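Read the structure below first, then the notes.
Just so you know, all these numbers are worked out from the coordinates, no wet-lab data involved. These numbers were taken from a predicted model, which means no experiment stands behind them. Because the Cβ atoms are built from the backbone with ideal geometry, glycine has one as well, and the counts that use them run over all protein chains shown.
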């Protein structure tokens, strides 16, 4: 089956992607953007129409540009600098038009779990690995997802308590988490497990096991590392 | 019954006034700025609090009382922002999220993932009051 791409957002990254795809003989590609000047300028640089002006969350506009084109598989790539536009447009494409090939850029790390929770899992967040490296070297350890509870957007998480965590010294049975989560247990630095109902303080290098929504990844990091700038 | 209202438009003010007449313990309002709230009559109510900050960030929403909110209503600006913030605000499974939209053409998509959609051109406060009655 033929494939065609719709790229949401005109910017240097999406134009670089376009050039790369053309070099790989993928040439049925159009851009969409709500900025008429960007659309006009891009079209002026080609000898054919490659960009369309409109709102990427409008079904009638998406249909106009071929989101549900027959006899062709649509690949939707959202590359705007707004996570709101990227998420909402991808959800409409995925849910309303049942398009499975949906790729999105995520601009803020805080929003990564939100995209995955709502089924947008082909994500580009180039800064993630290097950001994690930097954060980890600074003593903040990010939560690790151990297991997905299928189709619920919820996971079992493991969080290692860093030396600078504000929660060190708090009785695990008395912790009040400001979002919906269940603490399963803690495992101390020697590997001994303790139930979350036991009156035992949290210590440096403990690992806490938690069930919570994937959307709470950022909140978990903040709460257990105790750093607002984390 | 705690309600978090995200936004500071005329419709947000109207909703706040109507909801205060019901069995509500606290209404918190949050927007990027508190400027619009200054002239609201309900600013004098003891049940009302105002907050400001980047409403697309979870920190701002939590500091504004998101975790204690039974109902969240998003009326912050354009439809895209409202839908985004509405999903971001659903940190607890049992929190009811209302999102106010100008264009209802995508409402079924977002109702399918658990948001309750209100039409900005025909605001049915009754729909929210019905949810309050269930508590």
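Considering only A:144, A:220, A:79, the mean-square fluctuation computed in a Gaussian network model of chain A, springs between alpha carbons under 10 angstrom, is largest for A:144. Computed from Cα atoms, the angle from the helix A:12-23 axis to the main principal axis of chain A rounds to 60 degrees. Across peptide B:37-49, the average count of Cβ atoms from other chains found within 10 Å of a residue's Cβ is 0.
For the residues of A:203-215, the average number of beta carbons from a partner chain within 10 Å of their own beta carbon is 1. For the range A:1-53, dividing the convex hull volume of the Cα atoms by the residue count gives 79 Å³ per residue.
Using the beta-carbon distance between residue A:174 and residue A:205 and R0 = 22 Å, what value does 1/(1 + (r/R0)^6) give for FRET efficiency, to the nearest 0.05? Display every interim value, and only then the final one.
Numbers: r = 20 Å, r/R0 = 0.93.
E between residue A:174 and residue A:205, to the nearest 0.05, is 0.60.
Rounded if a/c is under 1.5, else prolate if a/b beats b/c, else oblate: with a ≥ b ≥ c from the C-alpha gyration tensor eigenvalues square-rooted, which is the protein assembly as shown? Judged from the Cα gyration tensor, the protein assembly as shown comes out oblate (a/c at least 1.5, b/c at or above a/b). A quarter of the convex hull surface defined by the alpha-carbon atoms of the range A:139-225 gives 5.1 nm² as the mean projection.
Extension gain, residue A:70-residue A:44: 0.36 nm per intervening residue step, less the Cα-Cα distance, totals 6.5 nm.
By the beta-carbon count within 10 Å of each Cβ, the least crowded to most crowded order of B:122, A:83, fewest first, is B:122, A:83. When both the range A:18-33 and the range A:157-230 are represented by their alpha-carbon centers, they are found 46 Å apart. Label-to-label distance for residue B:46 and residue A:198 is 4.7 nm, based on points extended 7 Å past Cα in the beta-carbon direction. Taking a ≥ b ≥ c as the square roots of the eigenvalues of the Cα gyration tensor, the range B:2-133 is rounded, since a/c falls below 1.5. Of the peptides B:74-85, A:203-214, A:58-69, the order by per-residue mean of other Cβ atoms within 10 Å, starting with the highest, comes out as B:74-85, A:203-214, A:58-69.
Peptide B:100-110 has a mean shielding of 3, counted as Cβ atoms of other protein chains within 10 Å of each residue's Cβ.
Before rounding to the nearest 500, sum -39500 (n - 2.57) across all DSSP H runs of length at least 4 in chain A and divide by the residue total; then give [θ] at 222 nm in deg cm²/dmol. Don't skip to the end; give the middle numbers.
Details: 7 runs with 62 residues, N = 230.
Calculated at 222 nm, the ellipticity per residue is -7500 deg cm²/dmol.
Modelled spin labels at residue B:34 and residue B:113, positioned 7 Å past Cα toward Cβ, are 3.3 nm from each other.
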